[in-house]
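Before any comments, here is the structure.
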Amino acid sequence: MIIGIGVDTVNINRCAKWNLFSSNRLIKLFHPTELQYILSHKHLSAERFAVRFAAKEAFTKAIRQQLAPNIPFLSVCKFAYINKNSKGIPFFVIDWNSLLSITDFSYKVHLSITHSKDTATAFVVIESLDMIN
């Protein structure tokens, strides 16, 4: 059963100078694993920042629908980050215990991210595994 959906779009130019921000500022929004990937190619950093920021916004919108209506965006940034599997497909890594004090979680998060020259978009669906046959 779907318990939350979220979508967000970010203008890539908004993130064009984020690679100049201090580590202390960036770590509030991005996990060290994300920062390593984002900053590995300076010419791609704006779109990588933008799409990950959009994904965290989309995840925040989805999680607020039923699981945590008042969760702060910075809590999501601290306890949820994007990684890639061996095929290069992005997925969320979520510390559910820290995020929602859930130790026996049963949720699957589906993530789709894309970008064009100007915009980055993310779509998130949170699914309850308890309801799946």
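Tabulated results
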| item | result |
| --- | --- |
| Search result, residues across the stretch 66-100 that are in a helix (DSSP H, G or I), polar (S, T, N, Q) and touching a strand residue (DSSP E or B) at 6+ places or on another chain (Cβ under 7 Å) | Gln66 |
| Members of the stretch 78-111 that are among the polar types (S, T, N, Q) and either under 10 Å from the mean Cα position of the chain (by Cα) or open to solvent by less than 70 Å² (accessible area, probe 1.4 Å) (or both) | Asn83, Asn85, Ser98, Ser106 |
| Hey, Val109 touching a helix residue (DSSP H, G or I) at 6+ places or on another chain (Cβ under 8 Å), part of a helix (DSSP H, G or I) and of a type outside the set (S, T, N, Q) or not | no |
| The stretch 60-94: number of residues that are among the hydrophobic types (A, V, I, L, M, F, W, C) and touching an Asp or Glu at 6+ places or on another chain (Cβ under 9 Å) | 5 |
| Single condition Leu67 does not satisfy, out of (1) hydrophobic (A, V, I, L, M, F, W, C); (2) out of contact with any Leu (no Cβ under 9 Å at 6 or more places or on another chain); (3) modelled with pLDDT under 95 | (2) |
| Answer residue from the stretch 28-65, given it is in a loop (DSSP other than H, G, I, E, B) and touching a residue at least 40 places away in the same chain (Cβ under 8 Å) and is least open to solvent (accessible area, probe 1.4 Å) among those | Phe30 |
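The values are calculated or read from the model by the stated rules, or taken from the named source; none is laboratory data. Source: prediction; values computed, not measured. Cβ sites come from the backbone with ideal geometry, for glycine too, and all protein chains shown count toward neighbours. Side chains included, ligands, DNA and RNA excluded: accessible areas come from the protein's heavy atoms. Shrake-Rupley method; radii C 1.70, N 1.55, O 1.52, S 1.80 Å.
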